[in-house]
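Please treat every number below as a calculation from the coordinates, not as lab data. In this text, all values refer to a predicted model and were calculated from it rather than measured experimentally. Please note: Cβ atoms are built from the backbone with ideal geometry, for glycine as well, and neighbour counts cover all protein chains shown.
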Amino acid sequence: MAAISIRNVVKRYGKGPKANQVIHGVSAEIADGEFIVIVGPSGCGKSTLLRMVAGLEEISEGEIAIGGRVVNDVEPAERDIAMVFQNYALYPHMSVYENMAYGLKIAKVPKDEIETRVQKAAKILELGTLLTRKPRELSGGQRQRVAMGRAIVRQPQVFLFDEPLSNLDAKLRAQTRLEIQKLHAELGVTSLFVTHDQVEAMTLAQRMIVMHAGVMEQIGTPEEVYARPATTFVAGFIGSPPMNLQKGQASGSRFDIGGQVLDLPIGCPRNGELVMGLRPEHTSLGLDSGWAAKVEMVEMLGAERLVHCRLGANLFTVRVDGMHKPPRHGDLVHLTASPDHLHWFDAQTGKRVA
């Protein structure tokens, strides 16, 4: 096992003034045995960052160290890492056992050691009864477990997961997330896990890195990122449904969102143009007092409902208990904000101010 240090890493494609920079000075310290999830939308640079740690992409600037050793110029095979990809990349003509053992055979590991490692990994991943099968005889979830088993038998310092659950259906993804959690609890190997799915990020991460346009917007525990997003991007990306963000002019305890003035339960952090954030679950719905809003749509989600209202010129979502009778399309309702859960961001930079 080993810590990972990412120090002001930059990635450019091309040279000179026309170079396309896709990673902008990312820095992070990952502790030995920590499970870090890198999350962000498509094209944000998360897989590129992972591939630089793996040695599959060159680093334009900065440095990456694994276990205290700078690996910028170290070949992937010499970094003592194991990767699990979105596509399982199993050899179709080999059995499960042979797929898991192949890398060890190439490395000339003794046969009895290979047997021990493969059997141990098979037990951890509940693959013992499948070792003689070929990949075509397995389900998608079983194939992904074989891919993880192939990584486990190498006993690396670091596991790198590049969107490994993307090809699975919703039920299998939930089951495999649980298996990955159990795997990390048992092996304790330092892990980097890339995903665009915030649910995966929130459920798997000990800490998470939120990426956007090649920039690390925030790093922290899922609780920290959810409760105190550092930017409007993080606020709008983490959480389902996302945080309501309203741009307007603040003055004392009043907030003008363009034609509608909201009376706030507490004063604004400063006067002037700001973005106010409020999560759907931190807003209550009433009929008599609060911010007047018109209901546009109600979504039934079983134990809860999402009420989408028009507040000023923008949509505003409220999460309500599914047991209560919901308002109907066109109803006028009043919204009340929880004063302890108002978030404020700079309107120009998007960075958190309070």
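Tabulated values for the structure
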item: Given 10 as the ceiling on other Cβ atoms within 10 Å, longest exposed-site-free region of the chain for trypsin sites (Lys or Arg not before Pro) in DSSP loops; result: 109-327
item: Cut-off of 10 Å, at most 13 other beta carbons, DSSP loop: longest stretch of the chain lacking such GluC sites (Glu not before Pro); result: 127-354
item: Pairwise FRET efficiency - E29 versus A185, Cβ, R0 = 30 Å, nearest 0.05; result: 0.85
item: Over 24 Å [Cα-Cα, the stretch 1-159], rounded percent; result: 43 percent
item: Antiparallel DSSP beta bridges within the chain, percent to nearest 5; result: 75 percent
item: Cα-based shape type of the stretch 1-82, given that a ≥ b ≥ c are square roots of the gyration tensor eigenvalues and the cut on a/c is 1.5; result: prolate
item: Cα-centred dipole magnitude for the chain, charges only on beta-carbon of K, R (+1) and D, E (-1), debye, nearest 20; result: 680 debye
item: Using a Förster distance of 45 Å, the FRET efficiency for M300-D256 (Cβ separation, nearest 0.05); result: 0.85
item: Global size of the stretch 76-157 as Cα Rg and Dmax, reported in angstrom; result: 11.8, 33
item: Largest to smallest principal axis extent of the C-alpha atoms in the stretch 290-353, angstrom; result: 39, 24, 19
item: Positive-pole candidate from Y88, A101, I59, dipole of the stretch 57-139, charges at beta carbon; result: A101
item: Simple label model, 7 Å out from Cα along Cβ direction - N314 to E223, nm; result: 2.8 nm
item: Simple spin-label estimate for R69 and D288 in nanometres, 7 Å along Cα-Cβ; result: 7.1 nm
item: Computed FRET value (nearest 0.05) for M94 with D169, which takes r as the C-beta separation and R₀ as 30 Å; result: 0.75
item: Cα gyration tensor shape of the stretch 178-335, rounded if a/c is under 1.5, else prolate or oblate by comparing a/b with b/c; result: oblate
item: Cα Rg, Dmax, the stretch 139-228, angstrom units; result: 13.6, 40
item: Fraction in percent of alpha-carbon pairs per bin - 10 Å, the chain; result: 5, 21, 25, 21, 15, 9, 3, 0
item: Neighbourhood charge, 14 Å Cβ-Cβ cut-off, centred on R7 and excluding it, Lys, Arg +1 and Asp, Glu -1; result: -1
item: Sum of -39500 (n - 2.57) over DSSP H runs of 4+, divided by residues of the chain (222 nm, nearest 500); result: -7000 deg cm²/dmol
item: Inverse mean reciprocal Cα-Cα distance (Kirkwood Rh) of the stretch 196-235, Å; result: 10.1 Å
